[in-house]
Each structure stands twice: as structure tokens, then as C-alpha cells.
1. Each residue of region 41-46 in turn: what ³J(HN,Hα) in whole Hz from Karplus with 6.51, -1.76, 1.60 and θ = phi - 60°, glycine and Pro shown as x?
2. Each residue of region 22-35 in order: what ³J(HN,Hα) in whole Hz does its phi give by Karplus 6.51 cos²θ - 1.76 cosθ + 1.60, θ = phi - 60°, with x for Gly and Pro?
3. Using per-residue counts of other Cβ atoms within 10 Å, averaged over each peptide, order 66-75, 52-61 from highest down.
4. To the nearest 0.05, what FRET efficiency results for Ser22 and Ser54 with a Förster distance of 22 Å applied to their C-beta separation?
5. Give me the one-decimal nm value for the distance between modelled label points at Leu61 and Thr83, 7 Å along each residue's Cα-to-Cβ direction.
Amino acid sequence: MKVKVRVVKKGEPAPSEKINISTDFIRLDALLKLANAVQTGGHAKLVIQNGEVSVNGEVCLMRGKKLRHGDVAAYQGKQYEVTVV
């Protein structure tokens, strides 16, 4: 079995994981759950309120923040890009 590995150099942004939605927007807490970055809504609320999540490069403390096509949320070194399909 072959495994593809992409090496990311220090300081280089990690590739974004595309999160497909079929609505105009998704709330930040729902995005984290959909991406399996957190297990529950309560966990999402906690990490957002603790300042562990950024949206488009800035720390976001609003769990109800509406993310639209092209927005990027980051948590624990991973990036999640919203894509409307």
C-alpha cells in the first residue's frame, strides 16, 4: 500500500480541508463539528471561547460567527475552508 505524504515546511501554511455545505453559510461551532475537529457543540463552544480558533487569520470568540464560501477557520494547526456546492 502506498501512502502519499505532503511535507509542509515550517512557516508554510498547512493545506486547507474543504468543508462542503449546501447553504449560504454555516456557523463556526457547526463547522468544527462537521469537520470532526470537535466531538460536541459544548466542546466547540469551549475552544472558541478560549481563543483557540481563528477565522480568516484572526482569533474569533463568536461561536455563532457565520462563515461563507471561501472563509477559512483554523483549529489545532488544521485549516477548514468553506465551499458552497
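Each value in this text was obtained by applying a stated rule to the coordinates, not by laboratory testing. No experiment lies behind these values; they were computed from the predicted model shown. Every residue, glycine among them, receives a Cβ derived from its backbone with ideal geometry; neighbour counts consider all protein chains shown.
1. For region 41-46, the Karplus-derived couplings read x, x, 5, 4, 4, 4 Hz, x marking Gly and Pro.
2. 10, 10, 5, 8, 9, 6, 4, 5, 5, 4, 4, 5, 4, 7
3. Result, highest mean Cβ count within 10 Å first: 66-75, 52-61.
4. Calculated transfer efficiency: 0.35.
5. Between Leu61 and Thr83, the label points sit 3.4 nm apart.
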